[in-house]
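Bear in mind that the values in this text are calculations on the coordinates, not laboratory data. Given the structure is predicted, the values throughout are model-derived calculations rather than measurements. Glycine also receives a Cβ, built like all others from the backbone with ideal geometry; neighbour counts cover every protein chain displayed.
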Amino acid sequence: MKYPIDVTVPPAIMRGVDKAWIVAGCMIPVPLETTQEDIHKWVRYVPPTPPENVWKVPSSTTGNYVVRRWPDGRWTCDCPGHKFHKRCKHVGVVKQSLTNDGSVSESR
Ligand SMILES: [Zn+2]
């Protein structure tokens, strides 16, 4: 195991009689003398970042696919094509509509 581990839950220390753990969605065994100041050596708290924008794109088969633009500039889509190829036409559709008139119907 390589430290620090990235966690998306604020870490806390839990102490037993002869052991200690850092609890942050998972339990990481740490030396008993570990203090609050040592937490960063073991885990790094990475708050989950919400997407900046979310769009629903009608799928050609059923329902909608959700396209997201993340604060770091990444685009994701929850269709199977995006999972496999890291790109798909749905992201293209949203990007296209953004460059056209700058307005897309945003899902709330
Ligand atoms: Zn897609």
Any residue that is at positive phi, more than 10 Å from the ligand (Cβ to nearest atom) and free of Cβ contacts under 8 Å to residues at least 24 places away in the same chain - is there at least one of those in the stretch 74-86? yes
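A quick yes/no check of all residues on (1) within 13 Å of the ligand (Cβ to nearest atom); (2) more than 20 Å from the chain's Cα centre (by Cα); (3) on the phi < 0 side of the Ramachandran plot:
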site	(1), (2), (3)
A24	no, no, yes
I28	no, yes, yes
T35	no, yes, yes
R44	no, no, yes
P47	no, no, yes
P50	no, no, yes
Y65	yes, no, yes
